[in-house]
Structures are given as C-alpha cells and as structure tokens.
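First the structure, in the form of structure tokens, and then the observations on it.
The values are calculated or read from the model by the stated rules, or taken from the named source; none is laboratory data. As the structure is a prediction and not an experimental result, all values here were calculated from the model. Positions of Cβ are generated from backbone atoms using ideal geometry, with glycine treated the same way; all protein chains shown enter the neighbour counts.
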Amino acid sequence: MTAVPMSGCTEVGTFRADAERDASAGPPSEAGTFRAGGAEPVGAPGPSSGRPARRAEAVDWGRARCLARDVPPLAVVSRPLGEALGPALARPLAALTDLPPFDSSAMDGWAVAGAGPWRLRGRGVLAGAQPPPLGDGDAVPIATGARLPSGAGAVLRREHGEVDSRNGMLFDRTVGPGPLAPGRDIRPRGQESRAGDVLLAAGTSVTPAVLGLAAAAGYDRLAVHRRPVVELLVLGDELLESGLPRDGRVRDALGPLLPHWLSGQGGADVTGRRLVSDAFRPLYEALRDATADVVVTTGSTAAGPVDFLHEALARLGARLLVDSVAVRPGHPMLLAELPPRADGRPRRLVGLPGNPLAAVAGAVTLAVPLLRRLGGHPDAEPIRTPCAAALPGHPKDTRLLPVRRVGGEVAPLPFDGPAMLRGLAVADGLAVVPPGGAAAGGVVEVLPVPLPGPCPAP
C-alpha cells in the first residue's frame, strides 16, 4: 500500500542530543537542541523549570494527521483463519472457486425433472451427498443446501407438494397460474461469484464476516499486515490505580481508556501499560528500552517543571515530526521517530497530553491515523453530519467536541473541558469543529468513538 501523498506535510523539527553528556546524569541543562525548519536553537531558559523555552509552531490539525499517516505498512504475514481477525488484508481476496460451487437447493422439498406429476425416486438427497441423475418426470426429496441432481430443473417446496404414497407420485399443489417455473428455488453455481473474481480489496479489515467469506471461497490462511504493537506509558506521580482520589492525587483514567481506543480504532495490539514517575531517568530508560512499534505516552508534553519528555527525546536522538497541533483540547501533543530497535525495525512515539479529553483528542489526531496506516488500513471516508444546534469553536484552532446524534444530526454535549470525560462517555462521536464554530444546519466531520469490544491484553 502506498503512503498518503505528502502535500503540505513537511518535517517540523529534529532533536539533536549532546552526545558528550552521560544519560545517567539526568536531564541536560539545555535539554538538547531543538531545530524547527532550520531556525536557530532556542536558548532562553523557561520561567518555571530552568529549561529552555520551546517556540514550536503549532501544526494545522489536518496536516498533523497527514504527517502521522506518512509511514509504510508493517510486514505481510500469513495467518490461519482462526488467527486472522482484525488485521487488514495485504492482498485482494479473489475467489478460489465458484460460489456456490455447484447448483444446490434453496429449500427443503423435492428436486424435479420435467413437468409434473412426478414419479418419486430414491430416499432423498442430503447436504454433502453426491446424488444420482434424475430422468424426465422423476422427483427425489432434497434438503436445503444439498447438491441438485443432474437433470433436475427446479425444486418444489415441501409445503407446495402432495405425495400419493400408494402410487409413488408427487403432485404440485402450488396456488397460482401455470406449471412450476424452471430454476425455481435453485441456487445456481456461481450466483455470488466466479473463480478468480475479486471479492474484497487489499486493505479491507478482517471482520467475522470476512473470515466466513474467505472460508467459503476456499481459503485456509490469509495474507494480512502485522498489527502494530503499542506500549502505553502513563506519566505522573499524582496518579492512583485504585481507590478514591486522596491526598492531592487522582485516579488514572487514561490507563483503562486508551488501550481500548487504540485497539478498537487503531487496530493495535496494546501489549504493555505501566505508570512512569515524573522524573527524567525513569522516562528516559522506558523510552530507550521500549521495543514496541509505537510508544504512546500521556502527560509531560508541555513545559512544566516535571515535563521531561522533550528532554528525554533529545537525549535519545529522536526525530521530532510534530510538536503541538492547532487543535483544542490537546494542542501540546507530539509525534516523533525514536532510534530504531537493535534489529533495525523503526519505532515511533506519540506523546499525548495528560488531561483525559485532551489525550483522546491527541489519540484521534496522531495515534489512530498512524496505527491504521501501519496496519495497512486505508483512510476511512469522512462521516459528515448536519448540526442540530450551533457547535462552539475556538477562535483560531480546530476544536474536537463530544456530540450525540439526534435524528440524523449531531448536538453538542456538556462537560467538554480538557480534563473531563463525562460528555465523552455518552458521545456518539467527536465533531471536528472549524475555527470560529459551526452554525446550526451546517455540516461537520464526525470522528467515531470505539464500540464495545474485547479487552486488550494488559
């Protein structure tokens, strides 16, 4: 699959770490050097942390998604049907046989040859049997799905036939004009497809229905793209994993939320999820040692006193592609290329803000497009929906607003602040509201929220 054209998508910046410093010493005093579009390094110290202030220009929301998609799909693997659910087809699915592969009965009844009444022959044809041919004027009982005997021209439904057991004759008692029509209640060979017909395009997500179609078409295995593997790092000393909020600490909402979102919308396998403390070294070591295709972090994307993500990326020599997006909530999000693994496979990082709704905004902006492209899934057609009421916007930036469908239109929901999840919990989607807002009756794109599904691996 070809990556999306990069019209308007250019590199935002590159971190260059000072190789002379020892990572064990903690964060560098200059936090590495950040260059954006060839600009000079930023050296003015920040007011709260003593680290240099960053002046990264926010990337347009659509362009940020374009940058996230600029990756090739992961390798093609062969999976047995029982293990192929979820990934995208790497090649078109062509029928290996005619469907149906032979003429068969669509009903329980009798296969008949010629005009009635008919002489009853045989004990009946069951599904899976190879029936003997029928002569003109003969009939044989047949089950739904059974192969039609050669010579048979129609199937008389059981409720329309009457058997004279004394004479061994079958009569048509169908109410209506004329004799039984040729081809009646027969599923002809090749009715659904012929051998070689393309049933599904490459990039189609393998659903239960796709597995059934592939099996019917003769497949034992499918060529699919490998699902991207994600490791989730939730940053913050203030986060609790159980119990009530207490002593200035709050519950971690993103640890339970994001794996399902990344799996359901991005098609990823979330194989690791852990809390990381607000210190440079634990974060640096977690990023250095991560082996997943994509590392997703929450928090530490801004320039607060314990926001060490930029410093850690700089020390690792990461290449920064997006550093802030013109979207609310969630604008301090980032996308970076980490140094490759020992086997040469690339690694990428999506940095999400720590506020829950802002993190979801970052996930749909950067993580989901990246993961879908890695998994070989094509871009979904935008869902455009009229507005039942005015949708408030940001003066300059795109806004992602939880909405609910009302009779084919969408209406805004309350509790839509960056730290809130109450509105999102009852939302049908996230409306992409342009700068300035959208008027009642206007049309906006709506991003879907994940449907209930199996729990990802912890």
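Structure above, values below:
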quantity: Scan of segment 187-198 for residues that are touching a Leu at 6+ places or on another chain (Cβ under 6 Å) and either buried (at least 18 other Cβ atoms within 10 Å of the Cβ) or without any contact (Cβ under 8 Å) to a residue 60 or more places away in the chain (or both), ordered by number; calculated: Ser193
quantity: Residues located in segment 330-353, provided they are buried (at least 24 other Cβ atoms within 10 Å of the Cβ) and either in contact with a Gly (Cβ under 6 Å, 6 or more places away or on another chain) or more than 26 Å from Arg399 (Cα to Cα) (or both); calculated: Gly330, Met333, Leu334, Leu352, Pro353
quantity: Some residue of segment 290-313 being in contact (Cβ under 8 Å) with a residue 40 or more places away in the chain, buried (at least 24 other Cβ atoms within 10 Å of the Cβ), of a type in the set (Phe, Trp, Tyr) and in the same structural domain as Glu231 (by TED's automatic domain parsing); calculated: yes
quantity: Residues satisfying the stated conditions in segment 268-289, i.e. buried (at least 22 other Cβ atoms within 10 Å of the Cβ) and in a loop (DSSP other than H, G, I, E, B); calculated: Ala268
quantity: Unique residue being part of a loop (DSSP other than H, G, I, E, B) and either among the β-branched types (Val, Ile, Thr) or closer than 16 Å to Ala367 by Cβ (or both) when the list is Val175, Val230, Val250, Val224; calculated: Val175
quantity: Hey, Ala302 in contact with a Pro (Cβ under 6 Å, 6 or more places away or on another chain) and at pLDDT below 90 or not; calculated: yes
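Rundown of residues vs (1) free of Cβ contacts under 8 Å to residues at least 40 places away in the same chain; (2) small (Gly, Ala, Ser); (3) more than 20 Å from Leu262 (Cβ to Cβ), yes/no style:
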| site | (1), (2), (3) |
| --- | --- |
| Gly351 | no, yes, no |
| Gly354 | no, yes, no |
| Val368 | no, no, no |
| Arg372 | no, no, no |
| Asp379 | no, no, no |
| Pro395 | no, no, yes |
| Ala411 | yes, yes, yes |
| Leu430 | no, no, no |
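To keep it simple, each residue is scored yes or no on (1) outside the structural domain of Leu93 (by TED's automatic domain parsing); (2) among the basic types (Lys, Arg); (3) surrounded by 14 or more Cβ atoms within 10 Å (Cβ to Cβ).
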site	(1), (2), (3)
Glu159	yes, no, no
Val163	yes, no, yes
Met169	yes, no, yes
Val175	yes, no, no
Ala181	yes, no, no
Leu200	no, no, yes
Gly203	no, no, yes
Leu213	no, no, yes
Tyr219	no, no, yes
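So that you can scan it fast, the table gives a plain yes or no per residue for (1) out of contact with any helix residue (DSSP H, G or I) (no Cβ under 9 Å at 6 or more places or on another chain); (2) modelled with pLDDT under 95; (3) of a type in the set (A, V, I, L, M):
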| position | (1), (2), (3) |
| --- | --- |
| Ile383 | yes, yes, yes |
| Leu400 | no, no, yes |
| Glu409 | yes, no, no |
| Leu424 | no, yes, yes |
